[in-house]
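Quick note: the coordinates plus some simple rules give every number you see, no bench work behind them. All figures in this text were calculated on a predicted structure; none of them were measured in a lab. Positions of Cβ are generated from backbone atoms using ideal geometry, with glycine treated the same way; all protein chains shown enter the neighbour counts.
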Amino acid sequence: MRETWMRILLLAALTVCLGLFAGCGYSAERIVQDLARDYIREKYEITPDVKGVKLNSAGDGGTVTMESEGRIFDVEISIADPSLNGDNYMKKEYAARIDEYFRSRLGCESIYVVAWYGRPGQHLGKDIRTFEDLVAKVDNIQIMVSAYGLDRSSIAGINPADWGADTQIFVADWISRDFVKDERVIWKSTEEADAMSRDSLRSYYHFHDGVLDSLEY
């Protein structure tokens, strides 16, 4: 009920904006930030401080930067379609869980783990509250493990079933330690591993749909 009332108010405010009142942008920002605060309070049972609001170009929502106990995060609000609301409040926790999984299973001299999921900025909807929700409900997780000095036998420690059927996992073992944290090279490898082959890689593994594809040199 509150969100419906707030959406009506925002649309009314935007209508005025199209008229004569140049100063009404504050009202739109206030409504978006209140919706973001309500969203976060309902999802995580916390009441964060608002650090900033950026309305989108259409004026029917925006991004609210918030802080809670020293944690800075963003909340995306859509007035037109609340199903698009999302946040990245748990981004650091999820990154740590993903990182720990691969570090604890793969034997290598150097490792760097990065993941994509959800919408841009790692934003996730209201139904994703925990790491278990992330794995079970998000269908676009991609994990890149960039390594140097990989023990190939340790690849057997990765169980695709731990990540759900739709998750893609890439493991690259580079010929040089310099490539491990070079994200330009890392992400290029997800599409061009065959072409890069021996010039850059010792081995390359791609888990998808419960299947493992591998290149070993």
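Name the most mobile residue of Pro120, Pro82, Pro48, meaning the one with the largest mean-square fluctuation, in a Gaussian network model of the chain with Cα contacts below 10 Å. Checking each option, the largest mean-square fluctuation is seen for Pro120.
Among Ala28, Ala58, Ala115, the largest mean-square fluctuation in a Gaussian network model of the chain, built with springs joining Cα atoms closer than 10 Å, belongs to Ala58. Largest mean-square fluctuation among Val185, Val32, Val113, in a Gaussian network model of the chain whose springs join Cα atoms under 10 Å apart, belongs to Val185. Centre-to-centre separation between the Cα atoms of the stretch 134-165 and those of the stretch 102-124: 9 Å.
Considering only GluC sites (Glu not before Pro) in DSSP loops that have at most 12 other Cβ atoms within 10 Å, the longest stretch of the chain without any of them is 110-217. The mean sequence separation of alpha-carbon pairs under 8 Å and at least six residues apart, normalised by the residue count of the stretch 59-178, gives a relative contact order of 21 percent. Checking the table Lys51/Lys181; Lys54/Lys92; Lys91/Lys188; Lys126/Lys188; Lys43/Lys181 against a 29 Å threshold on Cα-Cα, which pairs fail? Lys51/Lys181; Lys126/Lys188; Lys43/Lys181, as the Cα separations exceed 29 Å there.
Need one word for the stretch 110-185: rounded, prolate or oblate. Basis is the Cα gyration tensor (sqrt eigenvalues a ≥ b ≥ c); a/c below 1.5 gives rounded, then a/b vs b/c decides. Because a/c hits 1.5 or more and a/b fails to exceed b/c, the stretch 110-185 counts as oblate.
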